[in-house]
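What follows is a single structure, written as structure tokens, with notes after it.
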């Protein structure tokens with residue numbers, strides 16, 4: 001089953017709208033102050049009309065700026081909505097992404113890796129609760145490859161289907177530490193747009209869209 005989780009179109013009132021409401025709420029106060037200035041000016045030294053004009057122009061300028069910000073917010077909101085809609089296209093597609101957590105299903109979990117040089121060491125696989133369910137020794141050749149796990153844990157029992165995370169502790173023959181890059185693959189069955197960072201879900205595995213390396217139908 002595929003699904004999309006999304007936040008409400010407007011998580012909070014736009015700043016421009018709030019500023020506009022505040023400006024209109026103060027409009028009567030502005031006119032009252034301006035009127036008071038007129039009534040209480042020195043009749044022998046009246047305020048120059050250009051000063052009134054300047055005040056009105058300043059008020060108008062603020063109002064125009066707020067309107068411009070409102071239109072920009074609408075534009076950004078529209079672009080965000082279009083971008084969110086594009087993520088729906090991931091549903092049902094097979095993706096490859098940078099990551100070390102993948103799904104164990106039907107007794108198989110697979111991670112792809114790339115390593116800059118030959119190395120050996122240990123591998124650990126943890127369940128979604130962070131507990132180590134499998135550990136062992138491993139030797140990897142320089143280049144790319146895959147690491148397959150049959151779901152059998154250190155206890156000799158089959159692990160239940162779900163999300164599992166792999167980690168390696170590797171060294172070269174000269175005992176220099178080696179870092180390798182892992183990738184996972186799967187079919188997207190859910191898109192989560194409820195946070196600022198969009199996530200794709202493959203079973204229980206959450207993948208940020210920015211981690212996706214390739215997509216195929």
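The values are calculated or read from the model by the stated rules, or taken from the named source; none is laboratory data. None of the values given here were measured: they were computed from a predicted structure. Virtual Cβ from ideal backbone geometry, glycine too; neighbours counted across all protein chains shown.
When we screen 139, 185, 173, 214 for residues that are in contact with a strand residue (DSSP E or B) (Cβ under 9 Å, 6 or more places away or on another chain), in contact (Cβ under 8 Å) with a residue 60 or more places away in the chain and more than 20 Å from residue 104 (Cα to Cα), the only hit is 214. Look at segment 65-76: where a residue is at pLDDT 70 or above and a partner is assigned to a helix (DSSP H, G or I), sitting 6+ places away or on another chain with Cβ atoms under 7 Å, you get 69/16; 70/16; 70/17; 70/20; 73/16.
Is it true that residue 155 is outside any strand (DSSP E or B) and closer than 20 Å to residue 114 by Cβ? Answer is no for this residue.
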